[in-house]
Amino acid sequence: MSGMTTRTEPVVERINELRTKRQAVILVHNYQRGEIQDIGDLVGDSLELSRKAARTDAKVILFCGVHFMAETAKILSPEKMVLMPDPNAGCPMANMLTLRELKNKKAEHPEALVVCYVNSAAEIKAESDICCTSANADKIVASIPEHKEIIFIPDKSLGDYVARKVGRELILWPGFCPTHHRILREHILQQKKAHPAAKVIVHPECTRDVIGLADAVGSTSQILRFARETAANEVIVGTENGMLYRLAKENPDKKFYPASPVADCPNMRLNTLEKVFWSLEDMVYEITVPEDVAARARGAIERMLELS
Ligand code: 13P
Ligand code: SF4
């Protein structure tokens, strides 16, 4: 060690002291800033983080991600205090479907089951039969008897990908991730031209056009696994650009290229190391879910966890 002090060291020390004092666990999504990933007790995709939230012994869960993730943690661990460093970190896709719209859709298809991507509000999960994440959406859909109609909410791109993969017709909702939809087919073609030996992996929130050009499709943790296991030394990555930090850190001998330089999620960027510290110091911002809503939403999330 050179003995040099980096900008982040003092705040990291104070976060560590408070983490112990508050008996807190810090859960961090793969899209978060690198300096936040570095202090996470668990850094992962939505499915891994839900599993961890369901079985931690900590008194407090500090969730560094976006609102629906913290809500999911609260639903699975109602006796724990769940905090977010910035309460404004929402998910635009989750906001593209209201409870009234879902009830109307269900009334149009009274026999259908509702499969709900976890990128959704608690009250939407409460009105759904089973949840899924991008890591298990195909397995969840395939587990439903063939004769059953399925309404898949709210991501039309993930729904379209799963429908084609599993060979099932799904009733889709027109929600989408604005960040992943910024990645265009042209971006992938340009990057492939610039790096002809590179493999392409994209997230299933991307458009069908983009998915059609990929060698592999997966959740953020599936992208990490692909990067580790591929024989290729170069990988073009079609997802939110926060992913590049962990990919580079875990694979120093490989090169990763963002499919698009503009695929940043402004909500994911709202969290900073300072806000993590303030959150543990002031015990803010607490996320709550009314118990009747939580109980029904828990059923949909637990059915998913049992199946995956
Ligand atoms: P995953 O980590 O489950 O792939 O989630 C992607 C996402 O968009 C979260 O906001
Ligand atoms: Fe929502 Fe997309 Fe941001 Fe994830 S990356 S939080 S899906 S807007």
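Numbers for the structure displayed
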quantity: Percent carbon-and-sulfur accessible area, the chain, ignoring ligands, DNA and RNA, probe 1.4 Å; calculated: 50 percent
quantity: Per residue, in Å², the accessible surface of the chain once ligands and nucleic acids are set aside, probe 1.4 Å; calculated: 45 Å²
quantity: Net length gained if the chain between E274 and K59 were fully extended (0.36 nm per residue, minus Cα distance); calculated: 75.3 nm
quantity: Amide H contacts of G238 (H built 1.01 Å from N, under 5 Å, at least 5 apart or other chain); calculated: I201, V202, H203, A259
quantity: Amide H contacts under 5 Å for D155, placed H, 5+ residues apart; calculated: Y117
quantity: Three principal axis lengths of segment 45-151 [C-alpha, angstrom, descending]; calculated: 43, 27, 22
quantity: Rounded if a/c under 1.5, otherwise prolate or oblate - segment 112-263, Cα gyration tensor axes; calculated: prolate
quantity: Translational diffusion of the chain, µm² s⁻¹ [Kirkwood Rh, Cα pairs; Stokes-Einstein; 4 °C; 1.567 mPa s]; calculated: 65 µm²/s
quantity: GNM top mover of A135, A194, A214 - the chain, alpha-carbon springs below 10 Å; calculated: A194
quantity: Spin-label zone in segment 73-106 - amide nitrogen under 17 Å from a point set 7 Å from the Cα of E302 along the C-beta vector; calculated: 73-80
quantity: Computed over segment 34-102: relative contact order in percent, which uses C-alpha pairs under 8 Å that are six or more apart; calculated: 27 percent
quantity: Between segment 253-308 and segment 44-97, the Cα center-to-center distance that results, in Å; calculated: 5 Å
quantity: Contact order relative to length of segment 121-244, as percent, for alpha carbon pairs under 8 angstrom and 6 or more apart; calculated: 23 percent
quantity: Ratio Rg/Rh, restricted to segment 242-308 and using Cα atoms, in which Rh is the Kirkwood radius; calculated: 1.13
quantity: Furthest towards positive pole of dipole, L99, P10, S50, structure part segment 1-149, Cβ charges; calculated: P10
quantity: Over segment 38-78, volume per residue of the alpha carbon convex hull, in Å³; calculated: 69 Å³
quantity: Pairs from K74/K125; K80/K275; K139/K254; K52/K165; K106/K148 whose Cα-Cα separation, in the structure shown, is over 25 Å; calculated: K139/K254; K52/K165
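The values are calculated or read from the model by the stated rules, or taken from the named source; none is laboratory data. For clarity, every value in this text was computed on a predicted model and none was experimentally measured. Note that we place each Cβ from the backbone using ideal geometry, even for glycine, and neighbour counts take in every protein chain shown. Just the protein is used for accessible areas: all its heavy atoms, side chains included, with ligands, DNA and RNA removed. Shrake-Rupley method; radii C 1.70, N 1.55, O 1.52, S 1.80 Å.
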